[in-house]
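A short worksheet on the structure shown next.
The values are calculated or read from the model by the stated rules, or taken from the named source; none is laboratory data. All values reported here derive from a predicted model rather than from experimental measurement. A quick note on method: Cβ atoms are made from the backbone with ideal geometry, for glycine too, and the neighbour counts reach across all protein chains shown. Surface areas here come from the heavy atoms of the whole protein model, side chains and all, with no ligands, DNA or RNA. Shrake-Rupley method; radii C 1.70, N 1.55, O 1.52, S 1.80 Å.
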Amino acid sequence: MELLFICRDALEDSLLTTVAMAIEARNATAEVGVLFTGEAVAALTGQSFDWSPLLRDRDTRMLVSRTAAEMGYPLANPGDSRWTKPLQLLPAAREAGVRLLACPLWSKLLGVEERLPEELERPDMDALIQELRQSEKIIGSF
């Protein structure tokens, strides 16, 4: 893999940025993946996402959500654009050819393996270590 992004935060703005950057890198023909770990695994399996403090007010969230949708990143809830639906970013990333990986350590620590979204690959620890060793660049959470 050329680029491996790590998303560890349960922040919608972090998820949006990481997935959008991965999609854009994939559109530029890079082999790209996103590894979800820590808080991100918890949020992807039922806990709630939050927003960074300076982006948390309703007007800013609505603006970001609508603009992201206009840019091709489906964050806005299709039924009510005043709200977001962050998990719909995952199918969009997979359709773009981005590999989505669930951290086996955090999946096990949190006991959520069976609740991981279907779009996520579930490598075991050996396979993940191999992916990390072979990745040309690893980029931490945005």
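Against the 2.2 N^0.38 Å scaling, with N counting residues, where does the range 58-98 land? I'd like the Cα-based Rg ratio to two decimal places. Working shown, then result.
Details: Rg = 10.1 Å, N = 41, 2.2 N^0.38 = 9.0 Å.
That works out to 1.13 for the range 58-98.
Quick one: what do you get for the range 16-62 if you divide its Cα Rg by 2.2 N^0.38 Å? Don't jump to the answer; show the numbers that get you there.
Numbers: Rg = 13.5 Å, N = 47, 2.2 N^0.38 = 9.5 Å.
Compactness ratio reported: 1.42.
List the residues, sorted by chain then number, that are 5 or more residues from LEU11 or on another chain and whose placed amide H is less than 5 Å from its amide H.
Residues meeting the amide H criterion: ASP50.
Tilt of helix 12-27 relative to the longest C-alpha principal axis of the chain, in degrees (0 to 90, nearest 10)?
60 degrees
Let me know the volume per residue of the alpha-carbon convex hull for the chain, in Å³. Each step should come with its number before you reach the end.
On the way: hull volume 14.2 nm³, N = 142.
Normalising the Cα hull of the chain by residue number yields 100 Å³.
Return the Rg/Rh value of the range 44-128, two decimal places, where both radii are evaluated on C-alpha atoms and Rh is the Kirkwood radius. Write out the running numbers ahead of the final one.
On the way: Rg = 14.9 Å, Rh = 14.5 Å.
A ratio of 1.03.
Once every DSSP H run of n ≥ 4 in the chain is given -39500 (n - 2.57) and the sum is divided by its residues, what mean residue ellipticity at 222 nm do you get, rounded to the nearest 500 deg cm²/dmol? Can you show the working numbers first?
Values: 6 runs with 60 residues, N = 142.
After summing the helix terms and dividing by the residues of the chain, the value is -12500 deg cm²/dmol.
Step through the residues of the range 43-54 one at a time and calculate ³J(HN,Hα) from phi using the Karplus curve (6.51 cos²θ - 1.76 cosθ + 1.60, θ = phi - 60°), rounding each to whole Hz and writing x for Gly and Pro.
Each residue's phi maps through the Karplus curve to give 5, 5, 10, x, 6, 8, 7, 10, 10, 4, x, 6 Hz.
Can you run phi through the Karplus equation (6.51, -1.76, 1.60; θ = phi - 60°) for the range 62-79 and list ³J(HN,Hα) in whole Hz, with x for Gly and Pro?
5, 4, 4, 4, 5, 5, 4, 4, 4, 7, x, 10, x, 9, 5, 5, x, x
Determine the per residue accessible area of the chain with all protein chains present and a 1.4 angstrom probe, expressed in square angstrom. Could you put the intermediate results ahead of the total?
Working: 7620 Å² over 142 residues.
Averaged over the residues of the chain, the accessible area is 54 Å².
Within the range 40-142, what whole-number % of the accessible surface is contributed by carbon and sulfur, with the 1.4 Å probe and all protein chains included in the calculation? It would help to have the intermediate numbers written out before the result.
Numbers: 3330 of 6280 Å².
So the carbon and sulfur contribution to the accessible surface is 53 percent.
How far apart, in nanometres, would the label points at LEU105 and LYS85 be if each is projected 7 angstrom from Cα along the Cα-to-Cβ direction?
3.4 nm
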